[in-house]
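All remarks here apply to the structure that follows.
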Amino acid sequence: MSPLPHHEFHAGLGAGFGEIAGSEVVAQYTEIATEYRYLTQTAGVIDLSFRGRICVLGDDRGQYLHGQLTNDIKSLAPGQGCYSAICNPKGRIQSDLQVFALENEILLDFEPGMTELVTARLNQNIVADDVELCDIAADFGLLSIQGPRAEAVVRELSPALDPPDAPGTIVWTEDETLGQIYVANHPRLGSTGYDLYAGLDSVPAIADQLIAAARHHDGGPVGWNAFECSRIAAGIPRFGQDMTEANLVPEAGLGDSAVSYRKGCYIGQEILNRLRTFAEVSKTLRRIEFAPTETAPEVGTPLELDGKAVGRLTSVTTPPGSGAPVGLGYVHKSANEPGTRLRAGEHLVTVARLPA
């Protein structure tokens with residue numbers, strides 16, 4: 001297991017630790033209900049330095065990535081970003097990622113445990129292109145502030161910081177004591193949210209100030225357990241959990257957010273365009289809603305219609321205070337219309353669309 005940078009800092013805050021994709025994470029600091037409230041009602045600060053981060057350098061970086069990723073990369077000006085995916089030639093997802101264009105490089109942020117695959121996949125088609133991939137995870141940490149009061153928390157960090165207004169955009173500044181800081185508008189949980197990329201040595205000082213600011217707004221530090229609960233409740237899929245290389249991009253509901261159908265050639269384009277124009281996928285990811293219950297089925301539980309399996313659960317959680325589980329799952333096209341009633345084990349559930 002790869003240790004989380006600044007383990008001792010988090011341990012000093014009372015953190016308990018866990019593992020995700022071979023990387024150590026803070027599981028939680030206090031009760032999950034408290035941390036969930038921070039993320040959904042005030043502001044929660046989470047250390048995401050276990051995620052993968054690559055910078056792409058070279059004069060041909062934009063043009064090259066444009067031909068490798070599903071979204072429109074070439075048109076991004078410095079300070080702009082987008083959500084995208086890497087596909088194989090059959091249109092199946094190899095990784096999703098957040099893309100940010102900086103002045104002299106393009107930053108890619110993606111799920112933990114994926115650095116080797118993403119690097120190899122993006123390197124394999126470089127021939128005479130002026131492109132270089134650099135793993136920056138050992139040099140730059142990643143802190144995220146999520147929740148309705150996230151902007152107020154970020155503004156308390158430094159007078160030099162003016163958080164970007166539009167989701168998917170990024171700004172950067174040099175603070176006299178905290179060093180270089182990149183601030184991205186990135187609502188990871190469907191509300192308001194910002195990511196801060198900063199030198200790894202500065203992360204404890206920045207985290208300390210962000211947590212203090214969050215507490216001024218009735219928030220505080222949060223761990224992975226509450227973050228995952230909030231993600232699932234918000235209907236947001238995660239690569240490695242709700243989508244894998246077995247899934248086509250449109251099956252996971254990424255067609256509108258991660259794909260440009262007007263750009264030039266890229267790997268997987270032919271399949272994705274054909275699916276959009278002439279066919280439909282046989283299954284799609286849906287939100288699965290439960291009635292109040294004391295128990296919830298496990299991930300992988302089949303979803304059934306009239307005794308026949310028509311899908312399976314990929315994520316499930318019970319938001320604190322709700323009493324009703326909610327999940328994500330793939331459902332066959334014959335049974336995925338919103339309002340369709342299915343059975344998940346002993347539970348009667350309702351199919352709903354993912355949030356737009």
If you check every pair at least six apart or on different chains, which have Cβ atoms under 8 Å apart with a residue in segment 41-66 that is at positive phi first and a residue that is among the acidic types (Asp, Glu) and open to solvent by 20 Å² or more (accessible area, probe 1.4 Å) second? 58/129; 58/130; 58/132
Of the residues 99, 56, 118, only one is modelled with pLDDT of 95 or more, closer than 21 Å to residue 193 by Cα and touching a strand residue (DSSP E or B) at 6+ places or on another chain (Cβ under 8 Å); which? 99
Using the structure shown, decide if residue 215 is more than 30 Å from residue 29 (Cα to Cα), in a helix (DSSP H, G or I) and either basic (Lys, Arg) or modelled with pLDDT under 95 (or both). no
Looking at 40, 30, 70, which is the one that is among the polar types (S, T, N, Q), open to solvent by 20 Å² or more (accessible area, probe 1.4 Å) and in contact with a helix residue (DSSP H, G or I) (Cβ under 9 Å, 6 or more places away or on another chain)? 40
Six or more apart or on different chains, Cβ atoms under 7 Å: show the pairs whose first residue is in segment 254-269 and within 24 Å of residue 187 (Cα to Cα) and whose second is acidic (Asp, Glu) and assigned to a loop (DSSP other than H, G, I, E, B). 260/72
Determine, yes or no, whether residue 169 is over 18 Å from residue 204 (Cα atoms), out of contact with any Leu (no Cβ under 6 Å at 6 or more places or on another chain) and among the hydroxyl-bearing types (Ser, Thr, Tyr). yes
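A quick yes/no check of all residues on (1) within 30 Å of residue 275 (Cα to Cα); (2) at pLDDT below 95:
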{"residue": "105", "(1), (2)": "no, no"}
{"residue": "108", "(1), (2)": "yes, no"}
{"residue": "122", "(1), (2)": "yes, no"}
{"residue": "125", "(1), (2)": "yes, yes"}
{"residue": "140", "(1), (2)": "no, no"}
{"residue": "144", "(1), (2)": "no, no"}
{"residue": "162", "(1), (2)": "no, yes"}
Quick one: residue 205 ticks every box in (1) of a type in the set (A, V, I, L, M, F, W, C); (2) within 26 Å of residue 79 (Cβ to Cβ); (3) buried (at least 18 other Cβ atoms within 10 Å of the Cβ) bar one, so which box is it? (3)
Do you know which of the residues in segment 304-345 that are basic (Lys, Arg) and over 17 Å from residue 292 (Cα atoms) is least open to solvent (accessible area, probe 1.4 Å)? 333
Residue under question is residue 184, and the condition is that it be within 20 Å of residue 85 (Cβ to Cβ) and at pLDDT 95 or above; does it hold? yes
What about residue 157, is it modelled with pLDDT under 95 and touching a helix residue (DSSP H, G or I) at 6+ places or on another chain (Cβ under 6 Å)? yes
Among the candidates 193, 235, 223, 219, residue that is small (Gly, Ala, Ser), open to solvent by less than 20 Å² (accessible area, probe 1.4 Å) and closer than 22 Å to residue 78 by Cβ: 193
I need the full set of residues from segment 28-67 which are closer than 24 Å to residue 317 by Cα, more than 17 Å from the chain's Cα centre (by Cα) and small (Gly, Ala, Ser), in order please. 33, 43
Which of (1) modelled with pLDDT of 95 or more; (2) touching a Pro at 6+ places or on another chain (Cβ under 7 Å) is the odd one out, the single condition residue 190 does not satisfy? (1)
Looking only at segment 241-293, how many residues end up being within 22 Å of the chain's Cα centre (by Cα), of a type in the set (Val, Ile, Thr) and surrounded by fewer than 19 Cβ atoms within 10 Å (Cβ to Cβ)? 1
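The values are calculated or read from the model by the stated rules, or taken from the named source; none is laboratory data. All values reported here derive from a predicted model rather than from experimental measurement. All Cβ positions, glycine included, derive from the backbone under ideal geometry; neighbour counts span all protein chains shown. We work out accessible area using only protein heavy atoms, side chains counted, and drop any ligands, DNA or RNA first. Shrake-Rupley method; radii C 1.70, N 1.55, O 1.52, S 1.80 Å.
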